[in-house]
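The values are calculated or read from the model by the stated rules, or taken from the named source; none is laboratory data. Because the structure is a prediction, the values reported are computed rather than measured. Cβ: placed from backbone, ideal geometry, glycine included. Neighbour counts: every protein chain shown. The protein model used for the area step is the full one, side chains on, heavy atoms only, and it has no ligands, DNA or RNA in it. Shrake-Rupley method; radii C 1.70, N 1.55, O 1.52, S 1.80 Å.
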Amino acid sequence: MNDLTVPLNPVFYSKNGFEKINEFLKEESPSKIFILVDSNTHTYCLSKFLQKIESDFTTEVIEIEAGEEYKNLQTCEGVWNVLSELEADRKSLMINLGGGVVTDLGGFVASTFKRGIKFINVPTTLLSMVDASVGGKTGVDLGNLKNQIGIIIQPEMVVIESNFLETLSAQEMRSGLAEILKHGLIASEDYWKKVTNLANLDLTDLDEIIKESVNIKADIVKKDPFEKNIRKTLNYGHTLGHAIESYCLTHPVRNKLLHGEAIAAGMILETYVSQEIENFPKEKLQYVNETIKKMYGKETFSEADIVQIKDLMKFDKKNERGNINFVLLKDIGEPVIDIIVPDAIVDKAFEFYLNN
């Protein structure tokens with residue numbers, strides 16, 4: 001695979017990526033290296049990673065619990081305390097080895113410890129490779145509200161090694177695929193068709209699909225690094241999807257949904273809204289609905305669930321001046337931003353989702 005160099009942060013792939021890390025270590029000579037992992041990546045990825053690193057530096061491993069429910073300020077405080085106890089200084093380096101929780105939280109911890117130490121992200125899930133790898137967003141949840149605390153700051157580099165995906169469950173792979181599908185919907189009908197035609201794809205296609213997805217996001221982020229306009233399109237499916245994810249995260253009975261599972265439902269709902277407000281083609285709405293449900297199944301929502309999910313939308317980061325702002329589609333590859341949607345149409349979207 002060829003490398004993609006984004007002005008915001010460089011992204012490297014496979015063997016070349018580890019060579020770049022080793023070059024960086026020699027040039028920067030960090031005082032200490034801290035590798036942040038969760039309980040899963042500690043078991044399945046850490047030894048593979050360490051075999052690739054040529055380092056005589058002092059290296060410490062910091063482990064956090066796996067799962068979105070631990071992406072919070074309490075976990076950050078624990079990591080900050082460990083860094084302090086192990087005498088991390090401003091010349092220390094943090095390497096975040098894990099999925100989106102690890103890279104989001106680790107980037108935030110690094111960027112705030114002693115007013116900022118350098119960090120490198122090594123995503124190990126499909127979701128984090130195609131979503132968290134480009135753009136510099138860091139952050140944690142506030143209660144069950146997604147990504148309310150954080151900053152945009154670039155890592156020194158991102159290294160993508162698809163061999164880490166060998167340890168992922170099918171459910172985790174599907175979760176990552178949702179962001180790839182989203183990139184197709186907002187940017188390219190050809191890419192959407194390619195990644196939905198899974199019968200003709202195999203694992204040898206995966207590296208190229210990841211690279212294409214990273215390129216789509218990178219092109220958008222380069223134009224709008226601080227999400228003032230076009231970068232908002234990357235939130236397609238997320239206004240309702242994040243609300244669904246947050247609702248399920250702390251519900252006493254419902255199963256928690258992985259990020260991509262919630263976004264899959266959100267994309268169907270927001271495609272219906274797009275058809276109502278922006279005249280998104282009806283036949284394509286049906287195709288999106290059928291394609292996504294074939295991959296992810298269908299969630300059930302009661303009227304009470306829907307009321308609470310809608311209430312959570314008011315915390316969406318795109319909102320301004322009390323308005324809930326949606327990203328919608330005129331067609332596949334033709335997004336529009338900052339659209340205010342009547343409550344009645346959101347209700348109709350849930351009706352469509354549940355009955356089709």
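Computed over the chain, the convex hull of the alpha-carbon atoms projects to a mean area of 16.9 nm².
Return the single residue from Leu105, Leu329, Leu86 with maximal mean-square fluctuation; model: Gaussian network over the chain, springs between Cα atoms under 10 Å. Sorting by GNM fluctuation, first place goes to Leu86. Lys and Arg at +1, Asp and Glu at -1: add these up for the other residues within a Cβ distance under 11 Å of Pro342 and post the number. Cβ neighbours under 11 Å give a net charge of -2. So, how do all the Cα-to-Cα distances of the stretch 1-129 break down into 5 Å bins, in percent, from 0 on up? Histogramming the stretch 1-129 at 5 Å steps yields 2, 10, 22, 25, 22, 14, 5, 1, 0 percent. Pairs from the list Lys282/Lys348; Lys32/Lys211; Lys193/Lys222; Lys137/Lys228; Lys146/Lys284 with a Cα-Cα gap above 21 Å: Lys32/Lys211; Lys193/Lys222; Lys146/Lys284. By the rule of a C-alpha distance below 15 Å, with chain neighbours fewer than 8 residues away ignored, the aspartates and glutamates paired with Lys294 are Glu261. In this structure, Leu73 and Val336 have a Cβ-Cβ separation that, at R0 = 30 Å, corresponds to a calculated FRET efficiency of about 0.30. With Cα atoms defining each centre, the stretch 54-127 and the stretch 237-269 are spaced 26 Å apart in the structure. Modelled label positions at Trp80 and Lys26, each set 7 Å beyond Cα in the direction of Cβ, lie 3.7 nm from each other. Overall size of the stretch 220-356 from C-alpha positions, given as principal axis extents largest first: 42, 33, 27 Å.
If you plug the beta carbon distance of Asn355 and Gln148 into 1/(1 + (r/R0)^6) with R0 = 30 Å, you get a FRET efficiency near 0.35.
The angle between the Cα long axis of helix 282-296 and the longest principal axis of the Cα atoms of the chain comes to about 50 degrees, rounded to the nearest 10. Only protein heavy atoms count here; under a 1.4 Å probe, Glu351 has an accessible surface of about 110 Å². Distance between the pseudo-spin-label points of Asn255 and Ile345 (7 Å out from Cα toward the beta carbon): 3.2 nm.
Taking Cβ atoms as reference points and 11 Å as the exclusive limit, the residues near Gly260 contribute a net charge of -3, counting Lys and Arg as +1 and Asp and Glu as -1.
What Kirkwood Rh does the stretch 68-183 have if only Cα atoms enter the pairwise 1/r average? Answer in Å.
Details: mean 1/r = 0.0690 Å⁻¹.
The Cα-based Kirkwood calculation yields 14.5 Å.
Semi-axis lengths, largest first, of the ellipsoid equivalent to the stretch 123-196 are 22, 16, 14 Å, with √(5λ) applied to each eigenvalue of the Cα gyration tensor. You can think of it this way: the chain between Lys48 and Val307 has 88.6 nm of extra reach, that is 0.36 nm per residue less the Cα-Cα gap.
At the residue level, Ile53 shows approximately 30 square angstrom of accessible surface with a 1.4 angstrom probe and all protein chains present.
So which GluC sites (Glu not before Pro) in the stretch 1-97 end up in coil per DSSP with only 14 or fewer other C-beta atoms within 10 Å?
Working: sites: Glu19, Glu23, Glu27, Glu28, Glu54, Glu60, Glu63, Glu65, Glu68, Glu69, Glu77, Glu85, Glu87; in loops: Glu54, Glu65, Glu87.
Taking the stretch 1-97 and a limit of 14 other Cβ atoms within 10 Å, the loop GluC sites (Glu not before Pro) found are Glu54, Glu65, Glu87.
In the context of the full set of protein chains, residues of the chain present 43 Å² of accessible surface per residue (probe radius 1.4 Å, heavy atoms only).
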